[in-house]
Amino acid sequence: MTDVLTDPEYAERALLHNIHPSEWVNPRPAARYNLVVLGGGYGGILTALEAARAGAKVALIERDRLGGVCLNSGCISSKALIRTSRLYAEMRDAAKYGATRPEGIRVDFGTAMERMRRVRARASRRRSAEELSAHGIHVFFGEGTFSDPHTLIVGGETLRFRRALIATGARPAIPRIPGLAEAGYLTNENVFDLSECPKELLVIGGGPFGCELGQAFSRLGCQVTIAQDEPLFLSREERDAAQILSDALARDGIDIHLNTQTTGVRTSGGRKIVDLQTDDLQTTIAVDQILVSTGRSPNVRGLNLEAARVAYDDVSGIRIDDFLQTSNRHIYAIGDVCLEHKFAHIEGASAHIVTQNALFCGRRRLSKVTVPWCTFTDPEIAHVGMYVTEAREKGIPVKTIVVPMHEVDRAIADGEEEGFVKIHIREGTDRILGATVVARHAGEMISDLSLAITAGIGLRELARVSHPYPTQAAAIKMAASTFARSLRSGFRTWCAANWLRW
Ligand SMILES: Cc1cc2nc3c(=O)[nH]c(=O)nc-3n(C[C@H](O)[C@H](O)[C@H](O)COP(=O)(O)OP(=O)(O)OC[C@H]3O[C@@H](n4cnc5c(N)ncnc54)[C@H](O)[C@@H]3O)c2cc1C
């Protein structure tokens, strides 16, 4: 049977059929919409669906492929590739688990990329034009621009709205490096189109995307160099977490250049020759491909935001307040086009805020949402809430409890002892301010702490939560129990000792 799981060409056709059908005819516009959504990425789709489910008349405009970066060139594609690369790493490390390393492991990069495309096609079903139309959403394909504060134009049609949402996302920010444009480079927009693995790859930028893909490509057999202009990777994360990642990447065989600027690129004999400057030391390397991952620029150009009276700037994007409202109170914005933290999962909470605030006179605030995040390297680095530095800047006294993963039975059994669970509480209370988890499954583990912060559950209460044994998430309970024990006063301990004399 032909389906997206077995036939790559069929998968690609199915993907396009879902997210930009060639035979699509834009509907005739309604006289006026409750909500017009500009941009059919994750944020735009979630909001359109939530508003339509609430009974609103909704239109959604997408100029390219529904699903945006998350589906087509971000979360899903990268995670599918990371999965295959982990498998290869496990085969490579088989002896560590008492298994025989398979003979002659050969990485089939082309097949790994085909699997990634099949995964993408499968995930596209939930974002299809048909699915959105089935919810009563008018889907328009074409470039949308504002013509005045209450009107958008797409494909020559005029869409009038009571409220609009800008969810046009962001694109790769390309650093000004002499010779880079002429030599050519990859970004997240085209790296997933590769069918052959580069022999040598330079990744410029050691943020989440650079580290995730750098490690994946390295495990798929590519000689990877990462040049990061800061002293450590993941500059936002705590130093000990970033150091563990740095060590793990080095163990994978990645050539790491920290505090390093990429100063120039030229080509010679079909290769890219790159100059790197680390403090006073200049080195030159030769690679087949360069992957640029130095941040993202908001898509604000070409929307005619002046006509809509929406304030913006090219660096931070559309200006919004805590209610996700722009300078035009009828127009809202969400996602990468306006937020500092560019993650797909913020969009779910944002979609709810916009639907309530824009359509039902709500006053929901983005600042009330607890947002965890995770870098899906091996080990994973996940965080939620405040960092210690942030708390100190706000004058909040902090106490920190740390449980190293090498004290956690399941991590020992799994041979995944690297990392820690670190929980910050407000000194003198059990209120959780923030947490960092570094572990193989940190992305799954952080959810317990995210739930606790959201629901206002204190660390003492977490000590009473049972975890199946043995699990790596038990590290959270261990941290909570350590804290609970530290609260027992000398007097209570003395009373207990006396009582037990019987
Ligand atoms: C490699 C990579 C990996 C990532 N991995 C993760 C992850 O694991 N977890 C996570 O939470 N986040 C991840 N992210 C971030 C996440 O993908 C983004 O934060 C999220 O997809 C942004 O969604 P959005 O709706 O704001 O924008 P987008 O997904 O960019 O959607 C915007 C849409 O608007 C359309 N558009 C723009 N202008 C117009 C116009 N004028 N008219 C009509 N349509 C227009 C675009 O075509 C696009 O489809 C990753 C990002 C990258 C690059």
Share of carbon and sulfur in the accessible heavy-atom surface of the stretch 359-467 [1.4 Å probe, %]
48
In the stretch 1-151 the accessible area split gives carbon plus sulfur, as whole percent at 1.4 Å, a share of 50
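Please sort 11-18, 90-97 by packing, taking for each peptide the average over its residues of neighbouring beta carbons within 10 angstrom, highest first.
Averaged packing, sorted descending, gives the order 11-18, 90-97.
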Cα-based Rg/(2.2 N^0.38 Å) for the stretch 172-274, rounded to two decimals, is 1.06
proj_area_mean for the stretch 385-493 (convex hull on C-alpha atoms), units nm², value 7.2
Per-selection Rg to Rh, the stretch 223-376 - Cα, Kirkwood hydrodynamic radius:
1.10
What full-extension length gain, to one decimal in nm, is calculated for Asp247 and Thr111 as 0.36 nm per residue of separation minus the Cα-Cα distance?
46.0 nm
Restricting the count to DSSP beta bridges whose residues both fall in the chain, what percent are antiparallel, rounded to a multiple of 5?
65
Calculated P(r) tail over 15 Å for the stretch 44-95, as whole % of Cα pairs
64
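Arrange the peptides 165-177, 140-152, 66-78 so that the one whose residues have, on average, the most other Cβ atoms within 10 Å appears first. Walk me through the numbers on the way to the answer.
Numbers: 165-177: 21.5, 140-152: 18.9, 66-78: 23.2.
In decreasing order of mean packing, 165-177, 140-152, 66-78 become 66-78, 165-177, 140-152.
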Quote the relative contact order of the chain in percent (integer), defining contacts as alpha-carbon pairs under 8 Å separated by 6+ residues.
13
Compute the relative contact order of the stretch 221-296 as a whole-number percentage, counting only Cα pairs closer than 8 Å that sit 6 or more residues apart in sequence.
25
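I need the peptides 287-297, 199-209 ranked by packing, meaning the mean over residues of other C-beta atoms within 10 angstrom, with the highest value on top.
Order by mean packing, descending: 199-209, 287-297.
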Below 8 Å between Cα atoms, with a sequence gap of 6+, how large is the relative contact order for the stretch 253-360 in percent?
14
Quick one: grab the alpha carbon gyration tensor of the chain, order the square roots of its eigenvalues as a ≥ b ≥ c, and give me rounded if a/c is under 1.5, else prolate or oblate depending on whether a/b is larger than b/c.
oblate
Restraint check, Lys57/Lys342; Lys79/Lys394; Lys368/Lys477, Cα-Cα greater than 32 Å
Lys79/Lys394
On a C-alpha basis, how far is the centre of the stretch 421-455 from the centre of the stretch 181-204 in Å? Whole number, if you could?
36
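Can you give me the % of accessible surface on the stretch 188-334 that is carbon or sulfur? Probe 1.4 Å, all protein chains present, nothing else counted.
Answer for the stretch 188-334 is 45 percent, counting heavy atoms of protein chains only.
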The answer for the net charge of residues other than Ala241 whose Cβ lies under 12 angstrom from its Cβ, with Lys and Arg +1 and Asp and Glu -1, is -3
Lys and Arg at +1, Asp and Glu at -1: neighbours of Thr493 with Cβ under 14 Å from its Cβ sum to +4
Across the stretch 38-181, how large is the tail of the calculated P(r) beyond 20 Å, expressed as a percent of all Cα pairs?
61
Per residue, how much accessible surface does the chain expose to a 1.4 Å probe? Answer in Å², no decimals.
47
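Which net charge results for the neighbourhood of Thr158, defined as the other residues with beta-carbon distances under 11 angstrom from its beta-carbon, given Lys and Arg at +1 and Asp and Glu at -1? Spell out each step's value before the answer.
Working: positive: Arg32, Arg160; negative: Asp148, Glu157.
Once positives and negatives cancel, what remains is 0.
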If the cut-off is a Cα-Cα distance under 14 Å, which aspartates and glutamates reach Lys272, setting aside same-chain residues fewer than 8 apart in sequence?
Glu182, Glu200, Asp288
A student applying the Cα gyration tensor rule (rounded when a/c is under 1.5; otherwise prolate if a/b is larger than b/c, oblate if not) would label the stretch 354-406 oblate
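The values are calculated or read from the model by the stated rules, or taken from the named source; none is laboratory data. As the structure is a prediction and not an experimental result, all values here were calculated from the model. Cβ atoms come from the backbone with ideal geometry, glycine included; neighbour counts cover every protein chain shown. Side chains are part of the model used for accessible areas, which takes the heavy atoms of the whole protein and leaves out ligands, DNA and RNA. Shrake-Rupley method; radii C 1.70, N 1.55, O 1.52, S 1.80 Å.
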